Amino acid sequence: MSNLVDVTMHETLRSTFRSIAPAVEFCSLRYYEESSERLSVRRGTVSPPELTVSCGAMITVVVQGAMGCAASSDLSPAGLSELARKAQHQAELVRGRALVDHRVVSMPRSSGQYASRVARSTRSVSLGAKYGLLREIAAACPIDPRIVDWGASLWTSTATQAYFTADGAEIEQQFHRIMPRLSVTAYADGESQTRTRGGDSRFCRQGGVEVLEAFHAAELGLTTADEALSLLGAPNCPTGEMDLVLMPDQMLIQIHESIGHALELDRILGDERNFAGRSFVTPDMFGSFAFGSPLLNVTHDPSRIDQFASSGWDDEGAPAVREAIISGGILQRALGSAVSRARVPGVPVAATARAPSWNRSPIDRIGNLNLEVGASSFEQLVGSIERGVVMSTNSSWSIDDSRNNFQFGCEWGRVIRDGRLGEIVKNPGYRGRTVPFWRSLSAVGDAATFEVMGAPACGKGEPAARIGCGHASPACKFSGVSVFGGLSS
Amino acid sequence: MKDYFLEVAAGVEQMTRSDEVVLSWFAAEESDFLRFNVGAVRQSLAVRQLVWTLSLFHDRRRTEASVTLTGHARADLAALEALLGRLRSGLADVPEEPHFLYEHRVTSSSQETEGSLPELGEVLDAVLSSKGLDLVGAYAGGPIYRGFANTLGARHWRAVPAFNLSWCLYGETPVAMKSSYAGSTWNRGLVEAKMGFAREGLASLNEPPRQLTPGNYRAFLAPEALAEIFAALAWGGFGLESRLSKRSALLRMIEGDASLSRLVTLKENARDGLACAFQREGFVRPDAITLIDAGQLAAPLVSPRSAQEFGVETNGANRDELPEALDLEPGDLAERDAMAALGTGVYVSNLWYLNYSDFSACRLTGLTRFASFWVENGRAVAPLEVTRFDDTAYRFLGENLEALTIERHLIVDDSAYGERSTSSMRAPGALLRAMSFTASARSS
């Protein structure tokens, strides 16, 4: 079957694992190998290429209902045998003191393969050509002496995972991911304004070089620099209660922080209360709670092939299936692992146990969480507003530890007055509470306003684990939102 | 582990050609992780990881790669030789880099902190000894290793046995007593004392939480809360690169248009921190660098790359020019007098999720977390509903900073993204004449 993991490695892992797997209630091995490359150009000067190759395995066992895990990069037979022994030791230590009796957890037993769809591999492009592209983008930025900093970068990654259970499950998955980024800073009179495209919480996808075409890299330098300069001369965003249109590169953070994290089942069950936080959502809300207006339709969609967190299975081996999370505003499903699901059997759960690498256990994570398109064109969204603001590109995010009280800032704003777009405004921000905000969703943009984006560095867990999530959304209109601007003159 | 590091470093030296220089960075740990929820173990994990980074310099070009290793020197040297070959083959495609700089002096150091880490069974006994508590938290423990070597002969080594236990106790309300205990030598008595203190504190959380109406309030920030503020300021706040590229949140201080209170003197204190004193290009950090001196911006953190680009000396900063051992000088307010000095206002034990609401104005927002209190006449009368603040650091750490405490807490970063952190901050508490709060969680 294998053609994703190196064939010899696959056979060696399988046969070694089968020979060293202890006779316990459950035993799995998850092998993970990732090779990534980061290239960047800053103010016209290259930074050296940074390659990262990370490879290792985690063995998980259940002994008399207690689970233990151990991970290492030593994949020799002796190394894997030691790993199994350590995992057993961990399980035996916590036996009798464990929160969950894993004998009641139904661990998935699936087999199959998944691979990102790649039209043109990033490996088919030479390092020199990639640097050439970055230099070209960056060279278009310094259009004015007030442009004081600019940089372009490109991160690419190929990750391969093999998952075996002692009783026969066998899954291989390969992920090709790509993330370009451009940032331009303009400065005058004691104030800086930065405009970005892509990067930390925006444009990231699965695929190959073809993704860069959707990024419109060739035209970005000039327009991004021009927008940074426009912000320098712009007034601050007005303050007050008004209507708000959020573009997809801000919608993604709104979805991520106030829907995605709020619906992670381990937060709902309190596992994250010491670090990443809890949730205002309670198990009894699923199936009946009006999370948002009837226009709100949110889907967990691992099947969208170009999205950052697409997969065939989650990291516990559960099939990754497109499922409704919120339908017509009503809360339908949580996001979570088999272990969390077993703790609240009545709650419908989309399978999203995910781990970023071999050295962290899968926990309840956001995968691809998308807001479905509506019927309004961008012109209709704007045309329906007497007084409001359009905001795009997240620059600041803050939300309380129950995912309720949030405040977000954006790079770019534009006033709406009597149904027409007005002046550009700087430092736009808004604040609110999760449920009233989503209930104020009053129009959803059509397919022409829809963009596929993501959050590549979502942090959570103890030990902490950073993982990529996908978010796709149209532009959306919210009514009566508390909007504010900056203090800068 | 040190013998292994030295053997592999020598092997890398042997595989290097005469016209090349190769820098090696080694980061390894043997970690046990335990997670707790509702007074029981939620997850347990043991991780052994070794990461070796090679930086190849040749003909004004540099390329770099890191790889996970097994801990068996012979096999790992073969992997590194293959990696070095891959770097060499790609080097011609790499543009010349004008700003690279590495330490040419052949220096060496070795620092192995003594300590005594607990067996996991001991941790479980200590944490779970009190039955019936809604305890949630995490333990991370085990040795952490860092090494630097170059093919000129330099060798630096640091080994520290470290543990970090962080936990919350919940009572009847969603407000928790937060505690932490970190170090290199485990003391069961200290854990029990902290646990007892937290248990007693739970009783104070039973009152209905107090909601604030938006406005300015007197406030006392506990050291853990103040450390969150400085962690946010550190995002580009103290590096030379961000200063000169106008991407610093402290822009107005850089321009001379703003300052903090004279009470604020902040250092990067490499001597007393947990992080290693050397960095990836082989430079050794000085014992201390004053970043803010009596409220005025002082020296920046300067990485080797910035040093080369801007024509100044490096002070051994890491590549991101982020501090790793911040140290805020103490004031003259005794911790025991803090509540009386606060009088009526807000006692903030922890802050959470800070970010900038106006970067150029250094205006920060964030939320209270865990057991924060509304205080009247020096006495905590009710826990505080989670509340958002939104204010400029120039105001609340400037004209409104009334006092800092004499006592300081060492706050060890418990983050473990990819690897366990060794960053820390030593911070006092801060009494503020006013801090601007926008709304409680239920009323915004």
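The values are calculated or read from the model by the stated rules, or taken from the named source; none is laboratory data. Bear in mind that the values here come from a model prediction, so they are computed numbers and not experimental data. Note: ideal-geometry Cβ built from the backbone for every residue, glycine included; neighbour counts use all protein chains shown.
A few notes on this one:
- For segment A:418-474, the tally of residues that are part of a strand (DSSP E or B), aliphatic (A, V, I, L, M) and within 11 Å of chain B (Cβ to nearest Cβ) stands at 3.
- Elements of type strands (runs of 3 or more DSSP E) contained in segment B:283-357, each with 3 or more residues being touching a strand residue (DSSP E or B) at 6+ places or on another chain (Cβ under 9 Å), surrounded by fewer than 20 Cβ atoms within 10 Å (Cβ to Cβ) and more than 14 Å from chain A (Cβ to nearest Cβ): B:288-293
- Segment B:161-177 residues that are touching a residue at least 60 places away in the same chain (Cβ under 8 Å), paired with ones that are among the aromatic types (Phe, Trp, Tyr) and buried (at least 19 other Cβ atoms within 10 Å of the Cβ) (beta carbon under 6 Å, 6 or more apart): B:ALA176/B:TYR170; B:ALA176/B:PHE370
- Count of segment B:315-346 residues which are farther than 22 Å from A:GLU50 by Cα and among the polar types (S, T, N, Q): 2
- A:GLY317, sole failed condition from (1) of a type in the set (Gly, Ala, Ser); (2) buried (at least 24 other Cβ atoms within 10 Å of the Cβ); (3) free of Cβ contacts under 8 Å to residues at least 24 places away in the same chain: (3)
- Within segment B:202-244, no residue satisfies the criterion of being more than 21 Å from the chain's Cα centre (by Cα), buried (at least 21 other Cβ atoms within 10 Å of the Cβ) and assigned to a loop (DSSP other than H, G, I, E, B).
- Residues in segment B:58-84 that are outside any helix (DSSP H, G or I), within 9 Å of chain A (Cβ to nearest Cβ) and not basic (Lys, Arg): B:THR63, B:GLU64, B:ALA65, B:SER66, B:VAL67, B:THR68, B:LEU69, B:THR70, B:GLY71, B:HIS72.
- Enumerated strands (runs of 3 or more DSSP E) restricted to segment A:1-98, each holding at least 3 residues that are touching a Phe, Trp or Tyr at 6+ places or on another chain (Cβ under 7 Å) and of a type outside the set (D, E, K, R): A:26-42, A:45-63
Residues checked against (1) within 14 Å of chain B (Cβ to nearest Cβ); (2) in a strand (DSSP E or B); (3) touching a Ser or Thr at 6+ places or on another chain (Cβ under 6 Å):
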residue	(1), (2), (3)
A:ARG117	no, no, no
A:LEU133	yes, no, no
A:CYS141	yes, no, no
A:ALA159	yes, yes, no
A:PHE175	no, yes, yes
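- B:SER31 being assigned to a strand (DSSP E or B), over 18 Å from A:VAL53 (Cα atoms) and either without any contact (Cβ under 8 Å) to a residue 12 or more places away in the chain or not aliphatic (A, V, I, L, M) (or both): yes
- Some residue of segment B:165-181 being of a type in the set (Ser, Thr, Tyr) and either more than 14 Å from every other protein chain (Cβ to nearest Cβ) or assigned to a loop (DSSP other than H, G, I, E, B) (or both): yes
- Criterion applied to B:ASN377, B:ASN350, B:ASN400 was being closer than 20 Å to A:ASP401 by Cα and among the polar types (S, T, N, Q), and the one residue passing it is B:ASN350.
- Scan of segment B:85-99 for residues that are at the interface with another protein chain (Cβ under 7 Å from one of its Cβ atoms) and more than 19 Å from B:MET15 (Cβ to Cβ), ordered by number: B:ASP93, B:VAL94, B:PRO95, B:GLU97, B:PRO98, B:HIS99
- Qualifying positions in segment B:381-408 - hydrophobic (A, V, I, L, M, F, W, C), assigned to a strand (DSSP E or B) and surrounded by 19 or more Cβ atoms within 10 Å (Cβ to Cβ): B:LEU384, B:PHE389, B:LEU401, B:ALA403, B:LEU404
- Test for A:LEU252: is it touching a Phe, Trp or Tyr at 6+ places or on another chain (Cβ under 9 Å) and buried (at least 23 other Cβ atoms within 10 Å of the Cβ): no
- The one condition from (1) at pLDDT below 95; (2) outside any loop (DSSP other than H, G, I, E, B) that A:GLY112 does not meet is (1).
- Test: B:SER129 is part of a strand (DSSP E or B) and more than 9 Å from chain A (Cβ to nearest Cβ): no
- Within segment B:183-194, residues that are of a type in the set (Phe, Trp, Tyr) have Cβ atoms under 7 Å from residues that are loosely packed, with under 13 Cβ neighbours inside 10 Å in these pairs: B:TRP186/B:SER116, counting only partners at least 6 apart in sequence or on another chain.
- Residue match in segment B:202-212 (condition: modelled with pLDDT of 95 or more, over 25 Å from B:PHE5 (Cβ atoms) and of a type in the set (Ser, Thr, Tyr)): no
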